[in-house]
Amino acid sequence: MPATKAIIARDPRFTALNWALEDVAVSDAPGDNEVLVEMVASGVCHTDIVLSAVPPGQVGVLYPKVMGHEGSGYARKVGKNVTGVVEGDPVLLSFYSCGKCEQCEEKHPSYCDAFAKENYGGRKGHVTITNTNTSSTGNGNSGDGEEVYSRFFGQSSFARYSIVDGACIVNAKDLLQSDDELALFAPLGCGFQTGMGAIENVARPDANTVLVVLGLGSVGIAALMTAALHPHKAIIGVDRLPSRLELAKELGATHTIDTSPPGFNLNKALREIFPNGVSTVIDTTGAPPLIEDGLKSLRQRGKIVLIGVTPMQYELGVSVVQHINSGRAVIGCIEGDCIPSEAIPKLIQWYREGRFPIDKLISYFEAHDFKKALAGLDDGSVVKAVLKWKDV
Ligand SMILES: [Zn+2]
Ligand SMILES: [Zn+2]
């Protein structure tokens, strides 16, 4: 069992995140379908935060748990059924899918029957707390020998070592130009592919499209950069932070809208520019007022693509008659409906061509500084935080 460290998420007690870097032992005996990965880096995705703040049991989340689902590193031990990767290969990690259900067979693995259970719930059996001095962890309730849920999104990459399902692995051997790129490419496996896929696989804009991106975090910016690669009529970036609106302009937005003024109304603001409404709204905020206004702002045959997670109990009301007469569509979207083994190489290719400049979006933090990363994401100074695991 390698002695190592992991960020352990504990019961948030309904208030906030309860994360601390703790000493753990990770099994060095991956199952037949698993790989022991030595993590180099892991992006912090909003879902790590959202799913660490829910009460125990909601959407299958139980504590203590190792989050992290944008990992990169090296395969150190490979289970006998895992193909396409050998010991020592650099790997990029994405979500788990079973490969056998109807959705997987139809090449929509992010809608896999096992998605929620395996990716949100995870399993016990691979990680054990080994803190000898419980007061040093900062969260005050660590117990030596306590078993921890891992395999979050099949990978639990907020750890120096982790047992990862083979289905999560994209072999990066032929994708990298240097080892340093492992940290740069870590976030491709969730946030960036989600934004890209929302455009390529779901929204599918054309030259007449007026596209609106609500929320300019890493997913929204990835969607915007992808849309900018296609002919379009307009791309409108919407956020409350001036720095994000500036960034959106740099990366291809034709218009930006600031939501921060008191009494802001998105539908009104959009119709001032496009009185007939807009073609496509991509919501990455999960903010009900923006989603509702986004729906109202659609022109005939317009569509809204829902990516941002709303409060768990929230339901969006739709007037059926209006919906019929307008031909509008409301579409849910997870992981951009991507196949990671295809999406990740494509994004790397775009990066090399200068068309998807993720290096402008990433801020690096040592893993023990994860609180600084969270603060930067919270105040908007960081678009995508990537934690590095080498020196923990
Ligand atoms: Zn499946
Ligand atoms: Zn994610």
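A few notes on this one:
- Given charges at Cβ of Lys, Arg, Asp, Glu: region 239-392 dipole, positive-most of PRO357, ILE257, GLN300: GLN300
- Ranked by how many other beta carbons lie within 10 Å on average, peptides 68-74, 228-234, 271-277 from highest: 68-74, 228-234, 271-277
- Every helix of 4 or more DSSP H residues in the chain counts as -39500 (n - 2.57), and over all residues that averages to -6000 deg cm²/dmol at 222 nm.
- Kirkwood hydrodynamic radius of region 192-335, from inverse mean 1/r over distinct Cα pairs, in Å: 14.8 Å
- FRET E, pair LYS173, LYS371, Förster distance 41 Å, beta-carbon r, rounded to 0.05: 0.75
- Choice from HIS126, HIS255, HIS368 showing the highest fluctuation, given a GNM over the chain with Cα pairs closer than 10 Å: HIS255
- Whole-Å distance, taken between Cα centres, linking region 23-53 and region 171-188: 18 Å
- Each of GLY79, VAL61, CYS112 was scored by the projection of its Cα onto the charge dipole of region 10-124, and the greatest displacement toward the positive side belongs to VAL61; charges sit on the C-beta of Lys, Arg, Asp and Glu.
- Descending semi-axes in Å of the chain, equivalent ellipsoid built from Cα gyration tensor: 36, 22, 20
- If you wrap the tightest convex hull around every Cα atom of region 1-77 and split its volume per residue, you get 101 Å³.
- For region 192-335, the Cβ-based charge dipole about the Cα centre amounts to some 400 debye (Lys, Arg positive; Asp, Glu negative; other atoms uncharged).
- Cβ-derived FRET efficiency at R0 51 Å, VAL320 paired with LYS124, nearest 0.05: 0.70
- Of all DSSP beta bridges in the chain, antiparallel share, percent nearest 5: 60 percent
- Quarter of Cα convex hull surface for region 134-277, i.e. mean projection, nm²: 13.7 nm²
- Dipole check for region 1-121: with +1 at the C-beta of Lys and Arg, -1 at the C-beta of Asp and Glu, and the Cα centre as origin, the magnitude is about 260 Debye.
- In this structure, CYS101 and ALA207 have a Cβ-Cβ separation that, at R0 = 25 Å, corresponds to a calculated FRET efficiency of about 0.10.
- Note on the chain: GNM, Cα springs under 10 Å; of TYR161, TYR351, TYR96, the largest mean-square fluctuation is that of TYR351.
- Taking each of LYS5/LYS124; LYS173/LYS346; LYS303/LYS384; LYS107/LYS346; LYS77/LYS360 in turn, the alpha-carbon distance tops 24 angstrom for LYS303/LYS384; LYS77/LYS360.
- Among SER97, SER42, SER27, the residue with the largest mean-square fluctuation in a Gaussian network model of the chain, with springs joining Cα atoms closer than 10 Å, is SER27.
- Region 192-335, relative contact order [Cα under 8 Å, separation at least 6], %: 22 percent
- Compactness ratio for region 328-392: Cα radius of gyration over 2.2 N^0.38 Å (N = residue count) comes to 1.44.
- Computed label-point distance, nm, for sites ARG271 and ASP379 using a 7 Å Cα→Cβ extension: 3.9 nm
FYI, it's all coordinate maths here, none of it is from the lab. Just so it is clear, the structure is predicted and the values come from calculations on it, not from any experiment. FYI the Cβ positions are ideal-geometry reconstructions off the backbone, even for glycines, and counts take in every protein chain you see.
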